[in-house]
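Take a look at the structure below.
The values are calculated or read from the model by the stated rules, or taken from the named source; none is laboratory data. Computed from a prediction, not measured in an experiment: that's the story for all the values here. As a convention, Cβ positions derive from the backbone with ideal geometry for all residues, glycine included, and neighbour counts pool all protein chains shown. Ligands, DNA and RNA are excluded from the accessible area calculation, which covers all protein heavy atoms including side chains. Shrake-Rupley method; radii C 1.70, N 1.55, O 1.52, S 1.80 Å.
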Amino acid sequence: MSAIKTEGLTKRYGEKKAVDGLDLTVEKGEIFSLLGTNGAGKTTTVKMLSTLIGKTAGKAEIFGLDTEKDRQKIRQLINISPQETAIAQNLTVRENLEFMAGAYGIKNPAKKIEELTEKFGLSPVLEQKGKTLSGGWQRKLSIAIALINEPKLLFLDEPTLGLDVIARKELWSVIEAMRGEVTVILTTHYMEEAEKLSDRVAVMSSGKLRAMGTPQEIIKQSGKDNFEDAFVSLATGGEF
Ligand code: ATP
């Protein structure tokens, strides 16, 4: 059974098809990037897959569960780390983790928090308030929080947006450490990041899937000699 399987997944807003007949399969444990220029339909796809919005047509299954009929069951298996960091600014890092552990009814919160603190190297900032953290720490905490319910599928929406190069590289190693354990759906506009982290990528434009495969396969398919040029060519229908 795949982590994600969609057939003809479509979302229409009035006359506009934000997502148009998407056939996508993501296997368990993959790091999979959804790529596309602004307005390509990535966020709408993520919202449908994470059961936040309904679909207009087609089929979408998460671990074999239907995104509309089995919404509650799916929500127990997934989590989302949104673009805008979801941390409480007036709580310390430790309190943020404790609060979310409580919200999810985690059985042994102290153990879970210790595990996440170690995994994300949060010890130096544990007693610092959210609002005093740098962008890099905020994103790390945000992802740690999203892992608190041990999701089997994690959506990461532009996790390194606006971060400096060092914070970005730190976050990459955090994401890489999840490979094989958690299925990760990443959306990003940074092609270097997508190429480095992804087992496979999907390139979307105007709501449609234009290509899907490993970064190497995408390069081959486009006839270009690097990933960024391959993306531009596929996302623009060969215009560039
Ligand atoms: P970005 O990289 O800019 O975040 P995206 O690939 O995530 O873009 P979406 O946000 O999914 O793209 O949007 C796809 C299309 O659907 C866009 O043309 C957008 O204007 C439209 N759209 C998205 N949400 C709505 C909505 N609630 N009502 C009407 N149109 C919408």
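Observations
- Each residue in region 138-154 was checked for being outside any loop (DSSP other than H, G, I, E, B) and either without any contact (Cβ under 8 Å) to a residue 12 or more places away in the chain or not hydrophobic (A, V, I, L, M, F, W, C) (or both), and 4 of them qualify.
- Set side by side, the residues Lys111, Lys69, Lys107, Lys119 differ, and just one is out of contact with any strand residue (DSSP E or B) (no Cβ under 7 Å at 6 or more places or on another chain), at pLDDT 95 or above and not assigned by TED's automatic domain parsing to the domain that holds Val165, which is Lys111.
- Taken over region 194-236, the criterion of being buried (at least 17 other Cβ atoms within 10 Å of the Cβ), closer than 23 Å to Gly21 by Cα and among the β-branched types (Val, Ile, Thr) is satisfied by Val201, Val203, Ile218, Val232.
- Tallying residues that are open to solvent by less than 40 Å² (accessible area, probe 1.4 Å) and either more than 16 Å from the ligand (Cβ to nearest atom) or in a helix (DSSP H, G or I) (or both) within region 155-167 yields 2.
- Any hit, region 84-100, residues being surrounded by fewer than 15 Cβ atoms within 10 Å (Cβ to Cβ) and either within 14 Å of the ligand (Cβ to nearest atom) or under 25 Å from Glu30 (Cβ atoms) (or both): yes
- Listing of strands (runs of 3 or more DSSP E) fully contained in region 2-58 that carry 3 or more residues being assigned by TED's automatic domain parsing to the domain that holds Gln216 and open to solvent by 10 Å² or more (accessible area, probe 1.4 Å): 4-13, 16-26
- Selection count, region 7-58, where residues are aromatic (Phe, Trp, Tyr) and within 14 Å of the ligand (Cβ to nearest atom): 1
- Scanning region 168-187 for residues being at pLDDT below 95, assigned to a loop (DSSP other than H, G, I, E, B) and among the β-branched types (Val, Ile, Thr) gives a total of 0.
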